[in-house]
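Derivation of every value follows stated rules applied to the coordinates shown; laboratory data play no part. None of these values were measured; they are calculated from a predicted model. Cβ sites come from the backbone with ideal geometry, for glycine too, and all protein chains shown count toward neighbours.
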Amino acid sequence: MSYETITLSIEDAVARLTLNRPDAANGMNLALMRELADAVHTCGASPDVRAILVTGSGRFFSAGGDLQSFASELDNLPRLLNELTLYLHAAISRLARMNAPVIAAVNGPCAGAGMSLACACDYVMVAESASFTMAYTAAGLSPDGSSTWFLPRRIGELRTRELMLTNRKLSAAEAVDWGLANRVVPDADLLQEAGQLAGRLAQGPTLSFGRVKTLLNDTFSNGMETQMELEARAIASAATTADAQEGIRAFLAKEKPDFSGA
């Protein structure tokens, strides 16, 4: 599939997915949602993709839902929003469940569904000029894109309520302090730093990463014994992989492991 609102490139096991509507602040209209879902499905289905980097073109990561397109569809807005969330949620679910680690390189303002997308990533690296705001209630809407699931787990329920009710804007430094982001880097260094991290993760034990993601996604839903049972099953399953054998061999030989992702 050829894309008009995003770009997708795959090199050295890293997929770089860029929201590409810079003249519209990378606003998420129906076309972008469809293409995002397709691109994420392509990445998830490809054994050649072992890490994903998500970013935005231009000055914004994403301003969230494209309110201009919403305004032109007011009589049909509930149906439009149902379709938009269908694609957005399919993309986010697959990002959260796939083995490959997903890095958000937040290059600028990040709002609404754009913030929800960033929250769903495994590692969030932010430029110094980046900022975060939920923005939904400012337009009389309510959050989507998994933010009501991920945000309380990342920053706590009380802070989540504050962001969603007041639309407080967080700076890049505040996002790290609150636990929403991992690291702030200078604007000029963001893509290089995020790309280097993605490259390192792409050379790691991909199936092991997937088990980590699965265990952490479910941990707040399980009791301690249930979670430990899942851990026991996961580590026993991991032991059957080629990467586990290589990791143990390399550790004992005091060598750097050469993981294949299998």
Could you line up PHE61, PHE220 from fewest to most neighbouring Cβ atoms inside 10 Å? PHE220, PHE61
Which of LEU95, LEU216, LEU36 fluctuates most in a GNM of the chain (C-alpha springs under 10 Å)? That residue is LEU216
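What is the fewest-to-most order of LYS256, LYS213 by other Cβ atoms lying within 10 Å of their Cβ?
Numbers: LYS256 8, LYS213 19.
Result, fewest neighbours first: LYS256, LYS213.
For a Förster distance of 30 Å, can you work out the FRET efficiency between the beta-carbons of SER142 and ASN182, rounded to the nearest 0.05? Let's see the in-between values first.
On the way: r = 27 Å, r/R0 = 0.91.
In this case the efficiency is close to 0.65.
At a Förster radius of 51 Å, what calculated FRET efficiency corresponds to the Cβ-Cβ distance of THR219 and LEU81, to the nearest 0.05? Don't skip to the end; give the middle numbers.
Values: r = 31 Å, r/R0 = 0.60.
Calculated value: 0.95.
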Ranked by GNM mean-square fluctuation in the chain (Cα springs under 10 Å), the top entry among ALA105, ALA172, ALA242 is ALA242
The summed charge of the ALA250 Cβ neighbourhood (under 15 Å; Lys/Arg +1, Asp/Glu -1) stands at -1
Most fluctuating of ALA90, ALA250, ALA120 in the GNM of the chain (C-alpha, under 10 Å) is ALA250
Rounded to whole angstrom, the alpha-carbon centroid of region 49-98 lies from that of region 5-37 at a distance of 10
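Within 10 Å of each residue's Cβ, count the other Cβ atoms and sort VAL14, VAL176, VAL54 from fewest upward. All intermediate terms of the calculation are to be shown ahead of the outcome.
Details: VAL14 24, VAL176 17, VAL54 29.
Least crowded to most crowded, the residues run VAL176, VAL14, VAL54.
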Karplus (6.51, -1.76, 1.60) ³J(HN,Hα), θ = phi - 60°, over region 218-230, in Hz, Gly and Pro reported as x: 9, 4, 6, 8, 10, x, 4, 5, 4, 5, 5, 5, 5
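For the chain, calculate the relative contact order in percent as a whole number, restricting contacts to Cα pairs under 8 Å that are 6 or more residues apart. It would help to have the intermediate numbers written out before the result.
Working: 477 pairs, mean separation 44.8, N = 262.
Across the chain, relative contact order equals 17 percent.
DSSP loop trypsin sites (Lys or Arg not before Pro) in region 159-212 with at most 13 other Cβ atoms within 10 Å of their Cβ, which ones? If you can, show how the numbers build up before the last one.
Numbers: sites: ARG159, ARG161, ARG168, LYS169, ARG183, ARG200, ARG211; in loops: ARG168, LYS169.
Counting only loop positions with at most 13 other Cβ atoms within 10 Å, the trypsin sites (Lys or Arg not before Pro) in region 159-212 are ARG168.
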Out of the DSSP beta bridges found with both residues in the chain, what percent are antiparallel (nearest 5)? 30
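Of all beta bridges DSSP finds with both residues in region 10-114, what is the antiparallel percent, to the nearest 5?
On the way: 2 of 13 bridges.
So the antiparallel bridges in region 10-114 amount to around 15 percent.
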Could you tell me the calculated FRET efficiency between GLU73 and ARG161, based on Cβ-Cβ distance and R0 = 30 angstrom, to the nearest 0.05? 0.50
